[in-house]
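Visitor: Quick one: structure below, then a few questions.
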């Protein structure tokens, strides 16, 4: 399937699931991420914050898990520069003041939060609607992460979080699409790095 069709299909799938299903799948994603991180060193983890009432993966729950299980890890989140397709990045603590942007996405307040550079990030948790067996993802079409990810270090892990398992192929991949290194779903961890060798 092509990106537009996948985007439409997976947005619809997300609308149709129950609240209990979402709670269970979010808990499993957080558990699988915790297992993946155990014994590894990621000093700074960057995560998206979920769009309000859009049934995205609950990264607030993931941040709670990170603070409890990996208290030395710094957590960062993006801030979209108004009127642009570029993002800045700020540390997020329990005391960070969040503001909601025009897409109803919470963001760290740039006036009161500590800015960090993309090169400081060791792992990025990336939003998506669908992903395929080669690690390519379908996002929301804004291109924000396609611009942001090349700014990170080559050894930074690019990890998707998905409520649903992989699709076989996204047909209309282009040269701007950056494949994931890994993706965590309720069922498993997908590791795509061997495909890049």
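Visitor: Who wins for biggest fluctuation among 89, 46, 97 in a Gaussian network model of the chain, springs between alpha carbons below 10 Å?
Guide: Taking springs between Cα atoms under 10 Å, the residue moving most is 97.
Visitor: Among 50, 71, 106, which one shows the highest mean-square fluctuation when the chain is modelled as a Gaussian network with alpha-carbon springs under 10 Å?
Guide: Top of the fluctuation ranking is 71.
Visitor: Per-residue ellipticity at 222 nm for the chain, helices alone: DSSP H runs ≥ 4 residues times -39500 (n - 2.57), over residue total, nearest 500 deg cm²/dmol?
Guide: Result for the chain, helices only: -8000 deg cm²/dmol.
Visitor: Could you grab the relative contact order for the range 140-191? Cα pairs under 8 Å, six or more apart, rounded to a whole percent.
Guide: About 39 percent, as a whole number.
Visitor: Let me ask you something else. How big is the gap, in Å, between the Cα center of the range 172-197 and the Cα center of the range 1-70?
Guide: 16 Å
Visitor: Still on this structure, I have one more. Under Stokes-Einstein, with the Kirkwood radius over Cα pairs standing in for Rh, what whole-number D in µm²/s applies to the range 15-130 at 20 °C and 1.002 mPa s?
Guide: The estimated diffusion coefficient comes to 143 µm²/s.
Visitor: May I ask you to derive the relative contact order of the range 92-197, considering only C-alpha pairs under 8 Å and at least 6 residues apart, and to give it as an integer percent?
Guide: 24 percent
Visitor: Okay, moving on. Nearest 5 percent is fine: what portion of the DSSP beta bridges confined to the chain is antiparallel?
Guide: So the antiparallel bridges amount to about 50 percent of the total.
Visitor: Now for a separate question. Translational D (Stokes-Einstein, µm²/s) of the range 72-149 at 37 °C and 0.692 mPa s when Rh comes from the Kirkwood sum over C-alpha pairs?
Guide: 239 µm²/s
Visitor: For the range 1-47, what is the Kirkwood estimate of the hydrodynamic radius, computed as the reciprocal of the mean inverse distance between distinct Cα atoms, to one decimal in Å?
Guide: 13.3 Å
Visitor: Compactness ratio of the range 83-197: Cα Rg over 2.2 N^0.38 Å, N = residue count?
Guide: 1.13
Visitor: Mind jotting down the three principal axis lengths of the range 140-197 based on Cα atoms? Whole angstrom, largest first.
Guide: That gives 30, 26, 21 Å along the principal axes, largest extent first.
Visitor: Next question. For the chain, what relative contact order do you get, as a whole percent, if you take Cα pairs closer than 8 Å and at least 6 residues apart?
Guide: Taking the mean separation of contacting Cα pairs over the length of the chain, I get 23 percent.
Visitor: Could you check which residue among 33, 128, 52 shows the biggest mean-square fluctuation in a GNM of the chain with a 10 Å Cα cutoff?
Guide: 52
Visitor: How long is the range 3-196 along each principal axis, judged by its Cα atoms, biggest number first, in Å?
Guide: 42, 37, 36
Coordinate-derived values only; no laboratory data. Remember, it's a predicted structure, so these values are computed and weren't measured experimentally.
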